[in-house]
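A short worksheet on the structure shown next.
The values are calculated or read from the model by the stated rules, or taken from the named source; none is laboratory data. Bear in mind the structure is a predicted one, so any value in this text is a computation, not a measurement. Counting neighbours? That spans all protein chains shown, and the Cβs are built from the backbone with ideal geometry, glycine included.
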């Protein structure tokens, strides 16, 4: 399972390094949703999976690795330990690189909730009119579960 998580997160970090508008056509017509700048709220105040991922992306933009770690389930943190922190650091570095010259944003943020589990997908990168037109992390997905009445990231998931 650890290898699947590492492969999944590596895929998330390195997929779409040079995405262009041509391979972002599936995002056409989606609303451009900029990552919220309000990341002072604790995870306990976040009531839906999309909001958890928006905060996670804001924390990634700002290099707040400890806050990113808090988005993961206790089980994942116990199982993977320092690996989660290393992966979050790598992911944050990639997100900051994408937004170094132009403001990057979340595009096509979607959630699918099924009881106590959910999947959230998004693309993050340089967007024009709601379509990725520059650097991007590509389609990114997270499997999420409710833990102590809060939505948390269990692991990366394949984009559907």
task: For residues that are in contact (Cβ under 8 Å) with a residue 12 or more places away in the chain, closer than 12 Å to residue 49 by Cβ and surrounded by fewer than 16 Cβ atoms within 10 Å (Cβ to Cβ), scanning just the range 110-142, find the one that is farthest from the chain's Cα centre (by Cα).
output: 116
- prompt: List pairs: first in the range 59-75 and on the phi > 0 side of the Ramachandran plot and surrounded by 21 or more Cβ atoms within 10 Å (Cβ to Cβ), second modelled with pLDDT under 95 and outside any loop (DSSP other than H, G, I, E, B), Cβ under 6 Å, 6+ apart or cross-chain?
  reply: none
task: Run residue 55 past the list (1) free of Cβ contacts under 8 Å to residues at least 40 places away in the same chain; (2) in contact with a helix residue (DSSP H, G or I) (Cβ under 7 Å, 6 or more places away or on another chain); (3) buried (at least 22 other Cβ atoms within 10 Å of the Cβ) and report the number of the one that doesn't hold.
output: (2)
- line: When every residue in the range 76-93 that is buried (at least 18 other Cβ atoms within 10 Å of the Cβ) and under 14 Å from the mean Cα position of the chain (by Cα) is compared, the one farthest from residue 124 (Cα to Cα) is 84
- request: Check off (1) assigned to a strand (DSSP E or B); (2) in contact with a helix residue (DSSP H, G or I) (Cβ under 8 Å, 6 or more places away or on another chain); (3) surrounded by 18 or more Cβ atoms within 10 Å (Cβ to Cβ) for residue 145 and give me the number that stays unchecked.
  value: (2)
